[in-house]
1. What is the extension gain from Lys219 to Val47, computed as 0.36 nm multiplied by their sequence separation minus the C-alpha to C-alpha distance, in nm to one decimal?
2. Using a Förster distance of 41 Å, how high is the FRET efficiency between Asp249 and Asn122, based on the Cβ-Cβ distance and rounded to 0.05?
3. In whole Hz and in residue order, list the ³J(HN,Hα) couplings for segment 233-238 that follow from phi through the Karplus curve 6.51 cos²θ - 1.76 cosθ + 1.60, θ = phi - 60°; x for Gly and Pro.
4. Using modelled backbone amide H atoms (1.01 Å from N, in-plane), which distant-in-sequence or interchain residues come within less than 5 Å of Ser253's amide H?
5. From the cross-link list Lys98/Lys194; Lys149/Lys194; Lys98/Lys264; Lys149/Lys198; Lys168/Lys198, which pairs have alpha carbons spaced over 32 Å apart?
6. Could you tell me the calculated FRET efficiency between Ser188 and Met162, based on Cβ-Cβ distance and R0 = 25 angstrom, to the nearest 0.05?
7. Charges at C-beta only: +1 for Lys and Arg, -1 for Asp and Glu. How large is the resulting dipole of the chain about its Cα centre, in Debye rounded to 20?
8. Please give the peptides 129-142, 19-32 ranked by average Cβ packing (other Cβ atoms within 10 Å per residue), highest first, as a rough proxy for protection.
Amino acid sequence: MERCKSLLLPQEKHLAVCVLASGSRGNAVFISGPDTAILVDAGLSGVEIERRLATIGVNPRSLDAIVISHEHTDHVRGAGILCRRHKLPLYITAPTHKAALAQLGGIDDCRYFACGQSFSINTLTIHPFSLSHDARDPSGFTFQSGGAKAGLATDLGVATTMVREHLKGCGALILEANHDAEMLLNGSYPWPVKQRIKSRNGHLSNDDSMRLLAELDHKDLAHVVLAHLSHENNTPERALATVGAALRDSRASLSVALQDQCGKMFHL
């Protein structure tokens, strides 16, 4: 089943990106370059992540690393078992590692990065940047290979100037569109939970995501994926309609990442 990493990339393309799962029950994103393949987060069980990788023709033993954004269970659940089973290095910040230690278990090859400092895995350059979320040291990322750049920013309560600056010029974006403000207000969540979601350390609404995307849109933006949708406080239709208003004059494709199935692989 293992495939050469370069086979996942059409000729003259530099990045392949596929959201394996997105939502409060588990998150994982596959990213590859010509000689590199990684997972960003591993919030499903190890077995389920292996199954989803198989659907896109990837053997987990062909991965070069797992990169973790923050310690919440829906981002780290399967990371420890996958690292041990397939002898993968884990890239994580030191504060996040400390917060996630009980969930991760022992990992032989743990490599620390720091927000604001780029690092490389083979020829894939990764730049982590700080997010506003109720985790110890949450990170968003950009990924660059050749002339291609992709950005990932989910689990954030507000799109700061730093976030907007780092995500500029991306050919592909994975952005949070967690909730519809009206659905959240009128929904069944307890008021303290609603306040947490709406806070600067919570999650972006559809309207927040639309305003962010309007700033980030440019002529070379090709793909936008809306991620981490709430099952109770949002729908794909609402997210697409609201956030899509930012792309009325754009050629970029707009899609929604789902919890229960892999998204489409796209290339830059």
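Every read-out reported here was derived from the displayed coordinates using simple, explicitly stated rules and does not represent laboratory data. Please read all numbers here as calculations on a predicted model, not as lab measurements. Heads up, the Cβs are rebuilt from the backbone with ideal geometry, glycines too, and the neighbour counts pull from every protein chain shown.
1. Details: separation 172, 0.36 × 172 = 61.92 nm, distance 3.97 nm.
This chain segment gains 57.9 nm when fully extended.
2. Numbers: r = 37 Å, r/R0 = 0.91.
Calculated value: 0.65.
3. Along segment 233-238, the couplings run 10, 7, 9, x, 5, 5 Hz.
4. Here the answer is His223, Val224, since their amide H atoms fall under 5 Å of that of Ser253.
5. Values: Lys98/Lys194 28 Å; Lys149/Lys194 34 Å; Lys98/Lys264 34 Å; Lys149/Lys198 30 Å; Lys168/Lys198 25 Å.
Violating the 32 Å limit, Cα to Cα: Lys149/Lys194; Lys98/Lys264.
6. On the way: r = 34 Å, r/R0 = 1.37.
Given R0 = 25 Å and the Cβ-Cβ separation, E is 0.15.
7. Charge dipole, the chain, about its Cα centre: 320 debye, nearest 20.
8. On the way: 129-142: 21.6, 19-32: 24.1.
Put in order of decreasing packing, that is 19-32, 129-142.
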